[in-house]
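Since the structure comes first, as structure tokens, the remarks are kept for the end.
The values are calculated or read from the model by the stated rules, or taken from the named source; none is laboratory data. None of these values were measured; they are calculated from a predicted model. Positions of Cβ are backbone-derived with ideal geometry, glycine not excepted, and every protein chain shown enters the neighbour counts. In case anyone asks, the SASA skips ligands and DNA or RNA and just uses the protein heavy atoms, side chains included. Shrake-Rupley method; radii C 1.70, N 1.55, O 1.52, S 1.80 Å.
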Amino acid sequence: MSMEKMTKVEENFQRAMSLKKMVDRWQNSHTNCLWQMTLSQRRNPYATLRMQETMVQELALANKQLLMVRQAALHQLFEKEYQQYQQELNQMGKAFYVERL
């Protein structure tokens, strides 16, 4: 082989080696990160449990608030329909029966 081909082959080989080293470093750092995450979860299981309990409480409160909002919207809808029916009955000369105490 000529010298030019030898240098190109060496350059390509060195590029491939540097890419392989970069991939190896990334894999090592990724593995280390996963290891650290599992280690922190094992070290502090009570914090994880407290966080889960807090999330459950927050979800319960959010569901309760959503229920209240939906009930208020339904109440407004019923009130609007009641007003509309009352207007229609008034146009016909009629009214709802209301018992007075």
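Quick grid of which residues meet (1) at positive phi; (2) modelled with pLDDT under 90; (3) over 31 Å from the mean Cα position of the chain (by Cα); (4) not in a loop (DSSP other than H, G, I, E, B):
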site	(1), (2), (3), (4)
ALA60	no, no, no, yes
LYS64	no, no, no, yes
GLN71	no, no, no, yes
LEU74	no, no, no, yes
PHE78	no, no, yes, yes
TYR85	no, no, yes, yes
GLU88	no, no, yes, yes
VAL98	no, yes, yes, no
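Quick check on region 38-45. Is at least one of its residues at pLDDT 85 or above and outside any helix (DSSP H, G or I)?
Step one: filter region 38-45 for residues at pLDDT 85 or above, giving none.
For region 38-45, residues at pLDDT 85 or above and outside any helix (DSSP H, G or I): absent.
Within region 65-72, is there a residue that is closer than 30 Å to ALA95 by Cα and not charged (D, E, K, R)? Lay out the reasoning, then the answer.
Residues of region 65-72 that are closer than 30 Å to ALA95 by Cα, as a first pass: 70-72.
With the extra rule that they be not charged (D, E, K, R), the set shrinks to 71-72.
Looking through region 65-72, at least one residue is closer than 30 Å to ALA95 by Cα and not charged (D, E, K, R).
Quick grid of which residues meet (1) open to solvent by less than 100 Å² (accessible area, probe 1.4 Å); (2) among the basic types (Lys, Arg); (3) out of contact with any Ser or Thr (no Cβ under 6 Å at 6 or more places or on another chain); (4) more than 30 Å from PHE96 (Cα to Cα):
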site	(1), (2), (3), (4)
ASN32	yes, no, yes, yes
GLN36	yes, no, yes, yes
SER40	yes, no, yes, yes
THR48	yes, no, yes, yes
GLU53	no, no, yes, yes
LEU61	no, no, yes, yes
GLN65	no, no, yes, yes
ALA72	yes, no, yes, no
LEU77	yes, no, yes, no
